[in-house]
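K.L.:
Before anything else, here's the structure in question.
The values are calculated or read from the model by the stated rules, or taken from the named source; none is laboratory data. Since the model is a prediction, treat every value here as computed from it, not as a measurement. Every residue, glycine as well, gets a Cβ built from its backbone with ideal geometry; the counts of neighbours run over all protein chains shown.
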Amino acid sequence: MPKYFFHVRRNDVFEEDVEGIDLATPDQAREEAIAAAREIVAERICAGRPQTETYSRS
């Protein structure tokens, strides 16, 4: 099963996903990335911080 890593860059800080997650298909990886991005955005909105991050996958 392929392992996917979801890294996050917040302004000048790069947070590397060193553990990754085993997912069977690229579609599952995309759904996981979307869910994680939504969670990050929701947390920032609740905290009253602007959305200035960029997200990447590898």
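K.L.:
Starting from segment 15-33, take each residue that is at positive phi and list its partners that are not in a strand (DSSP E or B), counting only C-beta distances under 8 angstrom and pairs at least six apart or across chains.
P.N.:
So the pair list comes out as Gly20/Phe5.
K.L.:
Would you check which residues across segment 2-41 are of a type outside the set (Phe, Trp, Tyr) and assigned to a strand (DSSP E or B) and list them? Full working, then the answer.
P.N.:
Looking only at segment 2-41, we keep the residues that are of a type outside the set (Phe, Trp, Tyr), and these are 2-3, 7-13, 15-41.
Within segment 2-41, Lys3, His7, Val8, Arg9, Arg10, Val13, Glu15, Ile21, Asp22 meet the criteria.
K.L.:
Also, I was wondering about something else. Given the structure, is Ile40 modelled with pLDDT under 95 and more than 13 Å from the chain's Cα centre (by Cα)? Walk me through it before giving the result.
P.N.:
Numbers: modelled with pLDDT under 95: yes; more than 13 Å from the chain's Cα centre (by Cα): no.
No, not satisfied.
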